[in-house]
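The block underneath contains the structure these notes are about, expressed in structure tokens.
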Amino acid sequence: MTDATDPSQYVRTREKGTRDVTYPDAPEPLAVPVYDNHTHLEIEDGVGLSLDEQLARAAEVGVAGVVQAGGDIDSSRWSAWAAASHPRVLAAVAIHPNEAPAYAAAGALGDAIAVIDELAAQPRVRAIGETGLDFFRTDAEGLPAQHESFEAHIALAKKHGIAMQIHDRDAHEAVLETLERVGAPERTVFHCFSGDAEMARIAADRGYWLSFAGNVTFKNAQNLRDALAVTPRERILVETDAPFLTPAPHRGRPNAPYLIPVTVRFLAAELGLDVDELSAQLAANTLEVYGSFD
């Protein structure tokens, strides 16, 4: 585990395999700046870019800031450090649902959530996330820990009066049921929304935000485009989930916040909106959820 006194030294490396690990060329800059609602810049992919390099590339194409999300103690500490150190970064901190069973098995879930509680008190930590439920990667034995962790994280978001970013994979009904039963935080975001139009309507009706990532551009993701079509404009956010989910035509290559304009232009075309108009709406939505980056 990384020394808590120097979280800046933490780094993860993504498996490269046989992928093309060169970064795509920068897209045409956006005239109206937007924000990356959810990214993992502690993960090195491809040739690797430093945090400063990532932020500089993003700024050059009209991405004014990022919300850096954690998924365990170390990445959450790094996220909080990044936000405290860089004016274009805000942080989300949490124990990822797929990490919760391992912490629970070691008898350490409560202690881990206590660390998240401490980090959430920092002024530039503006969300609890990513938390939620994942029925794809976790088997039945691990689900009680996921549910325990999710409900504890909901309580933390309410305690600190900050937003919550939800990870929901193959668990739509259970996530919605949990939020309805225990009460969702005032600002609840479905990170990398993966449901369909019906779920989008339910989420929007409840006042949640839906964040769309690069996979909305994939040919097999018609459900996401259908969901986008019925989501009120004031409930839409955009993200990379970098280094994952690189938008077409760069799918499989390293993703980064500077590629957000590719997804924004795709969303605008799908919605029949002017790119500048959508960018302004996305920026306003992001600031409503997380507050100012200044």
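Here are some notes:
- Of the residues examined, Ala64 is one that is open to solvent by 10 Å² or more (accessible area, probe 1.4 Å), among the aliphatic types (A, V, I, L, M), closer than 25 Å to Arg251 by Cα and within 21 Å of the chain's Cα centre (by Cα).
- Every residue from segment 69-112 that is part of a helix (DSSP H, G or I), under 20 Å from Val189 (Cβ atoms) and either open to solvent by 50 Å² or more (accessible area, probe 1.4 Å) or not polar (S, T, N, Q) (or both): Ala80, Ala82, Ala83, Ala100
- Every residue from segment 249-294 that is at positive phi and either in contact (Cβ under 8 Å) with a residue 40 or more places away in the chain or in contact with a strand residue (DSSP E or B) (Cβ under 6 Å, 6 or more places away or on another chain) (or both): Gly252, Gly291
- Set Ala248, Ala221: member being at pLDDT 95 or above and open to solvent by less than 10 Å² (accessible area, probe 1.4 Å): Ala221
- Of residues in segment 7-30 being open to solvent by 80 Å² or more (accessible area, probe 1.4 Å) and touching a residue at least 24 places away in the same chain (Cβ under 8 Å), the one farthest from the chain's Cα centre (by Cα): Glu28
- Residues of segment 143-177 that are crowded, with 19+ Cβ neighbours inside 10 Å and either farther than 15 Å from Ala94 by Cβ or modelled with pLDDT under 95 (or both): Ala171, His172, Leu176.
The values are calculated or read from the model by the stated rules, or taken from the named source; none is laboratory data. None of the values given here were measured: they were computed from a predicted structure. When we count neighbours, we look across all protein chains shown, and the Cβ atoms used for this are built from the backbone with ideal geometry, even at glycine. Heavy atoms of the whole protein, side chains included, go into the accessibility calculation; ligands, DNA and RNA do not. Shrake-Rupley method; radii C 1.70, N 1.55, O 1.52, S 1.80 Å.
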